[in-house]
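As structure tokens, the structure follows; a few thoughts come after it.
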Amino acid sequence: MEDKRRTARNLVAKLSSVSERTRNEALAELRLISRQDPESRPLIADAGAVPYLSETLYSSSPAIQENAAATLLNLSITSRDSLMSTRGLLDALSHALSNSASQGAVQSCAATLHSILIADESSRPIIGSKRDILYTLLSIIGDEHAPARSIKDALKALFGIALYQLNRASLVGLGAVPALMSLIVRDARKGIVEDATAVLAQIAGCEESEEAMRKAGGLEVLGDLLDEKTAASTRMRENAVGALLNLARCGGERGRKEVREMGVKVMDVIREVGENGSPKGKAKAVELLKFVVDGNENENEVRELRLKFNSMDDFIDHSI
């Protein structure tokens, strides 16, 4: 371990060399070591690498930016505190996200944000307050020419940001709902649509999302995902159920009425999610079904729905 610590210190010291070649060689070596040797990651961070790596994200060389971003991503797995305590790191990540000519650097920066956000709840309001980061991530998912991996990494970062409720209104204000809807409708890649619907389900959990969803035709898109005739995956359907449930929880009277009306149309698939989905998916489907049935003002329709499912109580007991 002492040899590894010594190696880390020597390489980090070379990052401040006056020789550009020495700096670049050390950076490439740090990227390799931090990827291949998990034990070396905290040693590299403790040796003071993060401030140098952060500064290097402003380099005019795409290759150097990519090495620095990839090394930060590797360090974020075990040394998130070192990253978040480094002054200017988020600004540097934002710069590389929006200015780097290297898609590898963009992907690593977005993945670094996701790594921090998922593991460190305290980072979510801090990162969410950086509107330039939010804007750039949304720009990436809205770029039809962006590589699939760049879109997926941006979606994962957005998901982590949306886990903090107060960030959701900011995302809505920056146009997240139409951007996500456009991606869901136009992209045929299963993994991307699944990630996009996961972000949408989180963002739906704020009152500002109701009007944005209405303008973007969000309920119709969610209804299509829950239509028996579509080939939506189980995860897409669970996310659609989660989005409808969050709209019901956070929306106004008009929004709740619209969710009920859509829920009646797709009850068979919601019920299927309640029976065969993941534990979280089942719980959300059951809650959504109760909301749809118990809030329906049409007595005849309610009677038919209850008869169709034998009884909601029996269904809920069976599902949970």
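The values are calculated or read from the model by the stated rules, or taken from the named source; none is laboratory data. Not measured: the values here are computed from a predicted model. We place every Cβ from the backbone using ideal geometry, glycine too, and count neighbours over all the protein chains shown. Protein only, heavy atoms only, side chains kept; ligands, DNA and RNA dropped before computing areas. Shrake-Rupley method; radii C 1.70, N 1.55, O 1.52, S 1.80 Å.
Whether a residue is farther than 26 Å from N167 by Cβ, surrounded by fewer than 16 Cβ atoms within 10 Å (Cβ to Cβ), at pLDDT below 95 and not hydroxyl-bearing (S, T, Y) was assessed, and E253 does not pass this test.
Among the residues making up the range 143-159, those that are part of a helix (DSSP H, G or I) and surrounded by fewer than 24 Cβ atoms within 10 Å (Cβ to Cβ) are A148, R149, S150, K152, K156, F159. Where the second residue is of a type in the set (S, T, Y) and the first is within 16 Å of R256 (Cα to Cα) and lies in the range 268-293, which pairs have Cβ atoms under 9 Å and are six or more apart or on separate chains? That search, which allows pairs on different chains as well, returns A285/S319; L289/S319. Residues in the range 91-113 that are under 22 Å from D46 (Cα atoms) and either of a type outside the set (A, V, I, L, M) or more than 17 Å from the chain's Cα centre (by Cα) (or both) were compared, and the one that is surrounded by the fewest Cβ atoms within 10 Å (Cβ to Cβ) is D91. Within the range 116-137, the set of residues being open to solvent by 20 Å² or more (accessible area, probe 1.4 Å) and out of contact with any Phe, Trp or Tyr (no Cβ under 9 Å at 6 or more places or on another chain) comprises A119, D120, S122, I126, S129, K130, R131, D132, Y135. Filtering the range 136-162 to residues that are under 10 Å from L97 (Cβ atoms), over 11 Å from the mean Cα position of the chain (by Cα) and of a type outside the set (S, T, N, Q) leaves only I140.
Please state which one of A196, A240, A212, A201 is buried (at least 23 other Cβ atoms within 10 Å of the Cβ), at pLDDT 95 or above, over 20 Å from P279 (Cα atoms) and in contact with a helix residue (DSSP H, G or I) (Cβ under 7 Å, 6 or more places away or on another chain).
Details: A240 fails: over 20 Å from P279 (Cα atoms); A212 fails: buried (at least 23 other Cβ atoms within 10 Å of the Cβ); A201 fails: over 20 Å from P279 (Cα atoms).
Going through A196, A240, A212, A201 in turn, just one is buried (at least 23 other Cβ atoms within 10 Å of the Cβ), at pLDDT 95 or above, over 20 Å from P279 (Cα atoms) and in contact with a helix residue (DSSP H, G or I) (Cβ under 7 Å, 6 or more places away or on another chain): A196.
Against the numbered list (1) under 20 Å from E194 (Cα atoms); (2) open to solvent by 10 Å² or more (accessible area, probe 1.4 Å), E258 comes up short only at (1). Within the range 179-187, identify whether any single residue is out of contact with any Lys or Arg (no Cβ under 6 Å at 6 or more places or on another chain), at pLDDT below 95 and not in a helix (DSSP H, G or I), and answer yes or no. Yes, the conditions are met somewhere in the range 179-187.
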